[in-house]
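The values are calculated or read from the model by the stated rules, or taken from the named source; none is laboratory data. Everything numeric in this text was worked out from a predicted model, so none of it was measured. Here the Cβ is made from the backbone with ideal geometry for all residues, glycine too, and neighbour counts use every protein chain on show. Note: areas computed on protein heavy atoms with side chains; ligands, DNA, RNA excluded. Shrake-Rupley method; radii C 1.70, N 1.55, O 1.52, S 1.80 Å.
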Amino acid sequence: MSAVVNDTEELVQFLKNVKLFAELSADSLTKLGSRLKVVEFPPSEVIVREGAPGVSMYLIKSGLVEVRKKDPVTGIDFLVAQLSQGAAVGEMSLLTGKPRSATVTTVQPTVVFTLTRADFRSLLTHHPEISLGLARILAERLEDASQVGIEYVNLFKGKFDPRVVGLLPQSLCLLHKLIPISYANNAVTLAMVNPSNLVAFDDVRRYIKGAVIEPQVCTEEDFKKFMDTVYPELMGFAQERKDSDRKREEERDRRREAGKKAALEFQGESLEDLQNEILGGMEVQQEEEDKPSITDLATASEDAPIVRLANNILALAIKKGASDIHIEPQETGVVLRLRIDGVLHVEAKLSKKIQLPLASRLKILSKLDISERRLPQDGRISIRLEERAIDFRVSTVPAKFGEKIVMRILDKSGSIMPLDRIIVHAPTVEGLRWMISQPYGIVYVTGPTGSGKTTTLYSSLNEINSPEINISTAEDPIEYDLEGLCQVQTHSDIGLDFARILRAFLRQDPDVILVGETRDQETAKISVEAALTGHLVFTTLHTNDAPSCFTRLQEMGIEPFLMANSTIGVIAQRLARRLCQNCKVPTEVDETTLGYFGYTKENAPTFYRGEGCDQCNHSGKKGRIGIFEVLTMGDDLKRAVAREAKSEEIRALAIANGMRTLKDYAIMLMAEGLTSLDEVLTNLVVSS
């Protein structure tokens, strides 16, 4: 909210107390004040963003702001200063014409006076005394800045005291590429590759309390050579380091050789080894400070073992074919779980001390705010592994013992399987292929989260995709990249939801439309209208089975006669773990369980279970297989839907028309030895 300034006398007195304008006359300040406007900012609002063009300057009337600058090496935002009443923000960018050098964010409600570049230039043109005053102040600032010089130090001339060099741990020296070379009168001299790294200064002060830091610059080549040669001799562990390096290299060679057959090669260190290395380096910090500051967390998250631990967690999940990574803080530790073939497995239990640095590292990779630990956040990590593009969709939630982080793994370069590989039952495949060959109408795919609905939809689109067809998709998120499709991702924060994307698609002459999920009445109605006006629409819905789809749509406010005339068919599906074909063996089933499936001891087929072998990692299961229920709309079903028939009647009609239910499809898979009884009972509510 902005307003024109009215109280001239009060404003002139305020400007007189601003250092930038302290030497200007009252008349000049009055002229300056006539161009100012008042703007109010709420807390946590960005006033100036680093790198943006300088179009205005701001004078703080009341409130408090933080000035943060991004370190060019680590990419971490660090706090430069806090400014309050009377401070000027953005004046250097306005005076020099260069982009903003820092980001300014409000800490509390803040009121500022603003002066635009156009008004600033007008003032300089019509009031030369203001120009002279500002030029003199700027010249003084530049002169002060030019007097600051940093000496160059040659690390191989002179002798260094081991007690001084050892003031800082080796891990910190390597992280920030610095070496303490002298200490006198509570002043420590640092040889630094990057003497402008203010984050390094903060870390040094954690170990050398109250010291004045005097930076000197050294070359990166000299630093590396010093740490490889002189430093081990000074610290007295040259031979120990050689032995350690040799053993580590031998271990890495051994693991590298053992991992050649793996889909992904690790960096040679286990999660437990990395944890021990991290804890060893964190002991001093944790003793001194129980609650690390944001700067401390950012620094700790960039420490080499933390970086490698985070990388290895991602790599481990990819290697094991996991679909999700769960990092769950507990009261006394952190549990790492991976979801493999739909089932969560505890992979490791990490120390509680690793929780904050690990969370910060993953949030930095996801471009999230590491200082925000009270609200949920969503981000993504994108990596390329050889020719594979892999996305990690990251979600953080503030739980009782800290932030729980869940990362969903999307292999965007994964090949789309044909329908006859996804669905093993030939008549079911043919029913689905008939649906997707229709010129217009809606195909609904239903099932719970993680049941493979998106895979079925993409495989269907892939079968009909051709240069003659205009296919557009609205997704959240885009999970696979398909050539020839127009794929749009929703962004709820800017109002780009499914309904808005759908309306835009209809103005672009589409033949086929994919809606990632029908969540609300507006999306459902637009989809139905699109189907009735000559478009083929694919979408997903959350229902337990195919006949329940119509009840769900009716709850959304869709008229029954519109459902009946727009729907081509409904596919319900589940995912069950596939039996390992190498170690499956027949198994006995009790009569009560057989009764659930309509069998007796006399007419039951052979059921199987997995014993476990090397090929399935001794789990008895390997991969997953779909359980499908395909309802194709016929005339009798359309009439039943139009007169609001109940789900039970619709199911009976569909079965009479040849629909194989989820239960029947699951029985067929069990009889063929493709899945087990326990998997079916886990994934299906078996009804009579």
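Do you know which of the residues in region 555-611 that are in a helix (DSSP H, G or I), in contact with a Lys or Arg (Cβ under 8 Å, 6 or more places away or on another chain) and under 27 Å from residue 455 (Cα atoms) is least open to solvent (accessible area, probe 1.4 Å)? Please lay out each step first, then the result.
Pass one, region 555-611, residues in a helix (DSSP H, G or I): 555, 560-566, 591-596.
Right, trim to in contact with a Lys or Arg (Cβ under 8 Å, 6 or more places away or on another chain) and you get 560, 564-565, 591, 594.
Restricting the remaining residues to those that are under 27 Å from residue 455 (Cα atoms) gives 564-565.
Working: 564: 4, 565: 102 Å².
Taking the candidates together, the pick is 564.
Among the residues of region 370-392 satisfying the criterion of being in a strand (DSSP E or B) and at pLDDT 85 or above, which is farthest from the chain's Cα centre (by Cα)?
Taking region 370-392 and keeping what is in a strand (DSSP E or B), we get 377-385, 388-392.
Next cut, at pLDDT 85 or above only: 377-379, 392.
Numbers: 377: 8, 378: 6, 379: 3, 392: 6 Å.
Once the filter is applied, the top-ranked residue is 377.
One line per residue, one yes/no per condition, for (1) open to solvent by 50 Å² or more (accessible area, probe 1.4 Å); (2) at pLDDT 70 or above; (3) farther than 30 Å from residue 369 by Cβ:
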| residue | (1), (2), (3) |
| --- | --- |
| 110 | no, yes, no |
| 117 | yes, yes, yes |
| 124 | yes, no, yes |
| 127 | no, no, yes |
| 147 | yes, no, yes |
| 152 | yes, yes, yes |
| 179 | no, yes, yes |
| 184 | yes, yes, yes |
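Considering only residues that are touching an Asp or Glu at 6+ places or on another chain (Cβ under 6 Å) and closer than 11 Å to residue 547 by Cα, look in region 644-675 and name the one that is surrounded by the most Cβ atoms within 10 Å (Cβ to Cβ). I'd like the intermediate steps shown before the answer.
Initial filter on region 644-675 (touching an Asp or Glu at 6+ places or on another chain (Cβ under 6 Å)): 653, 661-662.
Add one more test, that the residue is closer than 11 Å to residue 547 by Cα, and what stays is 653, 661.
Values: 653: 19, 661: 21.
Out of the qualifying residues, it is 661.
Just to be sure before I move on: is residue 297 surrounded by 19 or more Cβ atoms within 10 Å (Cβ to Cβ), over 23 Å from residue 201 (Cβ atoms), at pLDDT below 85 and hydrophobic (A, V, I, L, M, F, W, C) in the structure I sent?
So residue 297 fails the test.
Listed here are the residues, each with its yes/no results for (1) acidic (Asp, Glu); (2) on the phi < 0 side of the Ramachandran plot; (3) more than 29 Å from the chain's Cα centre (by Cα); (4) modelled with pLDDT of 85 or more.
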site	(1), (2), (3), (4)
9	yes, yes, yes, no
13	no, yes, yes, no
16	no, yes, yes, no
27	yes, yes, yes, no
34	no, yes, yes, no
39	no, yes, yes, yes
55	no, yes, yes, no
63	no, no, yes, yes
69	no, yes, no, no
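If a residue must be modelled with pLDDT of 85 or more and in a loop (DSSP other than H, G, I, E, B), how many such residues does region 186-216 contain?
Residues that pass the stated criteria total 1.
Which of (1) open to solvent by less than 10 Å² (accessible area, probe 1.4 Å); (2) part of a loop (DSSP other than H, G, I, E, B) does residue 537 not meet, given it meets every other one?
For residue 537, the failing item is (2).
Table: residues versus (1) open to solvent by less than 50 Å² (accessible area, probe 1.4 Å); (2) part of a helix (DSSP H, G or I).
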{"site": "450", "(1), (2)": "no, no"}
{"site": "454", "(1), (2)": "yes, yes"}
{"site": "458", "(1), (2)": "yes, yes"}
{"site": "462", "(1), (2)": "no, yes"}
{"site": "466", "(1), (2)": "yes, no"}
{"site": "474", "(1), (2)": "yes, no"}
{"site": "481", "(1), (2)": "no, no"}
{"site": "484", "(1), (2)": "no, no"}
{"site": "507", "(1), (2)": "no, no"}
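For region 330-352, indicate whether the set of residues that are within 17 Å of residue 393 (Cβ to Cβ), at pLDDT 90 or above and open to solvent by less than 50 Å² (accessible area, probe 1.4 Å) is non-empty.
Yes, some residue in region 330-352 is within 17 Å of residue 393 (Cβ to Cβ), at pLDDT 90 or above and open to solvent by less than 50 Å² (accessible area, probe 1.4 Å).
Restricted to region 621-643, and to residues that are surrounded by fewer than 20 Cβ atoms within 10 Å (Cβ to Cβ) and of a type in the set (Gly, Ala, Ser), which residue is nearest to the chain's Cα centre (by Cα)?
So, considering only residues that are surrounded by fewer than 20 Cβ atoms within 10 Å (Cβ to Cβ) and of a type in the set (Gly, Ala, Ser), the one nearest to the chain's Cα centre (by Cα) is 623.
Could you list, in sequence order, all residues of region 676-685 that are outside any helix (DSSP H, G or I), of a type in the set (A, V, I, L, M, F, W, C) and surrounded by 15 or more Cβ atoms within 10 Å (Cβ to Cβ)? I'd like the intermediate steps shown before the answer.
Looking only at region 676-685, we keep the residues that are outside any helix (DSSP H, G or I), and these are 676, 684-685.
Checking the rest, the ones that are also of a type in the set (A, V, I, L, M, F, W, C) come to 684-685.
Scanning region 676-685 gives a single hit, 684.
Looking for something under 36 Å from the mean Cα position of the chain (by Cα) and of a type in the set (Asp, Glu) - is there at least one such residue anywhere in region 209-217? Walk me through it before giving the result.
Here is the first cut: in region 209-217, the ones under 36 Å from the mean Cα position of the chain (by Cα) are none.
Within region 209-217 (the criterion being under 36 Å from the mean Cα position of the chain (by Cα) and of a type in the set (Asp, Glu)), the answer is no, since none of the residues qualifies.
Would you confirm, using the coordinates I've provided, whether residue 395 is outside any strand (DSSP E or B), under 23 Å from residue 489 (Cα atoms) and either open to solvent by 20 Å² or more (accessible area, probe 1.4 Å) or not basic (Lys, Arg) (or both)?
Working: outside any strand (DSSP E or B): no; under 23 Å from residue 489 (Cα atoms): yes; either open to solvent by 20 Å² or more (accessible area, probe 1.4 Å) or not basic (Lys, Arg) (or both): yes.
Taking the combined requirement at face value, the residue does not satisfy it.
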